[in-house]
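Below: one structure, written as structure tokens.
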Amino acid sequence: DMGAQGASSVCPGAAFSAMGDGGKGKGDGGKGKGKDGGKGKGFGGKGKKGGKKGKKGKGEDKEWVPVTKLGRLVQEGKLLSLEEVYLHSLPIKEYQIIDQFYPEAGKLRDEVMKIHPVQKMTSAGQRNRFVCYVLVGDSDGHIGLGAKCAKEVATAIRGGIISAKLNLIPVRRGYWGNRIGLPHTVPMKVHGKCGSVRVRLIPAPKGSGVVGSPTLKKMMSFAGIHDCFSCSCGHTKTKGNFMKAAFLALRCSYSYLTPDLWKDTTVNKNPYQEFSDYLAQARPKKVEAEVV
């Protein structure tokens, strides 16, 4: 031991030579950058991460394989309009169902209404995320509002669009006075509430336009309502709650049973019952060729 200490004091490299080839430094079999079996960048080591996996997000869009009964019926063309889905109150769990009903590009518009950061305090510091509110609509009686929180803005926008499509609702339109021309306003006074914000929509005569904030004008445009008076109270500066309140007000338009709907209506069979034979069939499984 004394000899090794003396050698190290005279020549520092002698101490490393005394440790041998299997040390933790840059030796041949060490854990550093060893050549034979080291865990770092050695020839026989684990190698770089990634390997044969493909790059994220750059793959082609996969073909939609529906996992719900409604999705299977829509993909096969058994249901031709969204109204058939709404008539039987069928829940929409896949956003591709909405895409099937709007194959034309640009028919179903979407717009990011607000993106704001939120923070959570953790033991390691602050954790930042982004909340994104997205509006979709066809300007013809359908509107959807979705929200998504994610670490990245792009992910939040993508998730918000999907959420808005899943929340797509029908909007009933009516007249202010005589039934001349196409419906242009809300059929009755409706209101919605979210948080402290309360929004009331009132029918307006033709040519009035939408009397309200720019956010409300955008929502009415997406829903296909041309004339409307509005009344709001609460902290309307909170745009998220304001949009939710207006959205809930529009959803109430089909909640009222007006006299023109008193007539007996013949309701068809539920699609699940009508196409039960097709749904009972086992779907043919695709056999993918193994990659050698």
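The values are calculated or read from the model by the stated rules, or taken from the named source; none is laboratory data. All values derive from a computational prediction rather than experimental measurement. Note: ideal-geometry Cβ built from the backbone for every residue, glycine included; neighbour counts use all protein chains shown. The accessibility values were calculated without ligands, DNA or RNA, using every heavy atom of the protein model including side chains. Shrake-Rupley method; radii C 1.70, N 1.55, O 1.52, S 1.80 Å.
A quick yes/no check of all residues on (1) open to solvent by less than 100 Å² (accessible area, probe 1.4 Å); (2) modelled with pLDDT under 90; (3) of a type in the set (Phe, Trp, Tyr); (4) in contact with an Asp or Glu (Cβ under 8 Å, 6 or more places away or on another chain):
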| residue | (1), (2), (3), (4) |
| --- | --- |
| Met243 | yes, no, no, no |
| Leu250 | yes, no, no, no |
| Trp262 | no, no, yes, no |
| Ser276 | yes, no, no, no |
| Ala282 | yes, yes, no, no |
| Glu288 | no, yes, no, no |
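Sort through Lys148, Lys206 and tell me the only one that's open to solvent by 50 Å² or more (accessible area, probe 1.4 Å), in contact (Cβ under 8 Å) with a residue 12 or more places away in the chain and in a strand (DSSP E or B).
Working: Lys206 fails: in a strand (DSSP E or B).
Only one candidate qualifies: Lys148.
Taking segment 132-141, which residues are assigned to a strand (DSSP E or B) and open to solvent by 20 Å² or more (accessible area, probe 1.4 Å)? Working first, answer last.
Taking segment 132-141 first, the residues assigned to a strand (DSSP E or B) are 132-137.
Result: Tyr133, single match.
Does any residue of segment 211-223 turn out to be outside any loop (DSSP other than H, G, I, E, B), more than 29 Å from Gln96 (Cα to Cα) and without any contact (Cβ under 8 Å) to a residue 40 or more places away in the chain? Can you show your working first?
First, the residues of segment 211-223 that are outside any loop (DSSP other than H, G, I, E, B): 211, 214-223.
From what is left, the residues that are more than 29 Å from Gln96 (Cα to Cα) are 211, 214.
Now restrict to residues that are without any contact (Cβ under 8 Å) to a residue 40 or more places away in the chain: 211, 214.
So far as segment 211-223 goes, yes, one or more of its residues are outside any loop (DSSP other than H, G, I, E, B), more than 29 Å from Gln96 (Cα to Cα) and without any contact (Cβ under 8 Å) to a residue 40 or more places away in the chain.
Determine whether segment 86-103 contains at least one residue that is within 21 Å of the chain's Cα centre (by Cα), aliphatic (A, V, I, L, M), farther than 29 Å from Asp140 by Cα and at pLDDT 95 or above. Steps first, please.
In the first step, residues of segment 86-103 are kept if they are within 21 Å of the chain's Cα centre (by Cα); the result is 86, 90-103.
If we keep only those that are aliphatic (A, V, I, L, M) as well, we get 90, 92, 97-98.
From what is left, the residues that are farther than 29 Å from Asp140 by Cα are none.
The answer is no, given that none of the residues of segment 86-103 is within 21 Å of the chain's Cα centre (by Cα), aliphatic (A, V, I, L, M), farther than 29 Å from Asp140 by Cα and at pLDDT 95 or above.
Which of (1) at pLDDT 95 or above; (2) surrounded by 16 or more Cβ atoms within 10 Å (Cβ to Cβ) is the odd one out, the single condition Cys231 does not satisfy?
Evaluating Cys231 over (1) at pLDDT 95 or above; (2) surrounded by 16 or more Cβ atoms within 10 Å (Cβ to Cβ) leaves (2) as the failure.
What do you reckon, is Val153 buried (at least 19 other Cβ atoms within 10 Å of the Cβ) and touching a strand residue (DSSP E or B) at 6+ places or on another chain (Cβ under 6 Å)?
Working: buried (at least 19 other Cβ atoms within 10 Å of the Cβ): no; touching a strand residue (DSSP E or B) at 6+ places or on another chain (Cβ under 6 Å): yes.
In short, no.
If you check every pair at least six apart or on different chains, which have Cβ atoms under 6 Å apart with a residue in segment 116-127 that is surrounded by 10 or more Cβ atoms within 10 Å (Cβ to Cβ) first and a residue that is in a strand (DSSP E or B) and of a type in the set (Val, Ile, Thr) second?
Between residues of segment 116-127 that are surrounded by 10 or more Cβ atoms within 10 Å (Cβ to Cβ) and residues that are in a strand (DSSP E or B) and of a type in the set (Val, Ile, Thr), the close pairs are His116/Val131; Val118/Val131.
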